[in-house]
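Trainee: A single structure is presented below for examination.
The values are calculated or read from the model by the stated rules, or taken from the named source; none is laboratory data. Treat the numbers as computed from the prediction; the structure is a model and nothing was measured. Glycine also receives a Cβ, built like all others from the backbone with ideal geometry; neighbour counts cover every protein chain displayed.
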Amino acid sequence: MPDLDLIANIHMLNDALNQKLNSNFRNPNINATNYFYLLKVQDNPGISQKDFKRIIFVHQTTITRAINHFEKLGYVITHQDPGDKRTFHLSLTDNGEKVANQIREDLLHTQNILNSSTIKIEMVMDVLEKLREDKN
């Protein structure tokens, strides 16, 4: 039977990181599972939902639910493509920009804590890349 310690440790690291991020986020409407979406929209203003799905590797219903949530909060707006009525583009509102910038500050704080540890970031990134390649 294979040793599953690596998988168990990755899971525990994920849980610990999510708890740390959730405690750091100053906005109660943002958590460790959805902050990433706001940052990706900020990094890619006007991105279509189809392209958005390609860069974050989650199911379309998950994206739709998150975008709807952020629209209700006034963080994201969707624009219908004039050339293709089936396509919608995503942008942050001014309030969404403020929240995304606040998230970046919170993430930088957490990343500084991680950088001071003995975790080898290159190794973690290598494992993530291998998992992404296997998914495709």
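Trainee: Scan region 1-40 for residues that are farther than 26 Å from Leu92 by Cα, at pLDDT 80 or above and of a type in the set (D, E, K, R) and jot them down.
Mentor: Asp15, the sole residue that qualifies.
Trainee: Among the residues in region 2-21, are any free of Cβ contacts under 8 Å to residues at least 24 places away in the same chain, surrounded by 14 or more Cβ atoms within 10 Å (Cβ to Cβ) and in contact with a helix residue (DSSP H, G or I) (Cβ under 7 Å, 6 or more places away or on another chain)?
Mentor: No: region 2-21 contains no residue that is free of Cβ contacts under 8 Å to residues at least 24 places away in the same chain, surrounded by 14 or more Cβ atoms within 10 Å (Cβ to Cβ) and in contact with a helix residue (DSSP H, G or I) (Cβ under 7 Å, 6 or more places away or on another chain).
Trainee: Here is a further query. Only one of Asn112, Asn34 is touching a helix residue (DSSP H, G or I) at 6+ places or on another chain (Cβ under 6 Å), closer than 19 Å to Ala16 by Cβ and among the polar types (S, T, N, Q); which?
Mentor: Checking each option against the conditions leaves just Asn34.
Trainee: Still on this model: If you check every pair at least six apart or on different chains, which have Cβ atoms under 9 Å apart with a residue in region 121-136 that is over 19 Å from Met12 (Cβ atoms) and assigned to a helix (DSSP H, G or I) first and a residue that is modelled with pLDDT of 75 or more and not aliphatic (A, V, I, L, M) second?
Mentor: The qualifying pairs are Arg132/Phe57; Lys135/Phe57.
Trainee: Any residue in region 31-49 that is at negative phi and in contact (Cβ under 8 Å) with a residue 60 or more places away in the chain sitting within a Cβ distance under 8 Å of a residue that is exposed (fewer than 14 other Cβ atoms within 10 Å of the Cβ) and part of a loop (DSSP other than H, G, I, E, B)? List the pairs, counting only those 6 or more apart or interchain.
Mentor: So the pair list comes out empty.
Trainee: Restricting attention to region 23-54, and to residues there that are of a type outside the set (Asp, Glu) and exposed (fewer than 12 other Cβ atoms within 10 Å of the Cβ), which single residue is nearest to Ile113 (Cα to Cα)?
Mentor: So the residue we want is Ser23.
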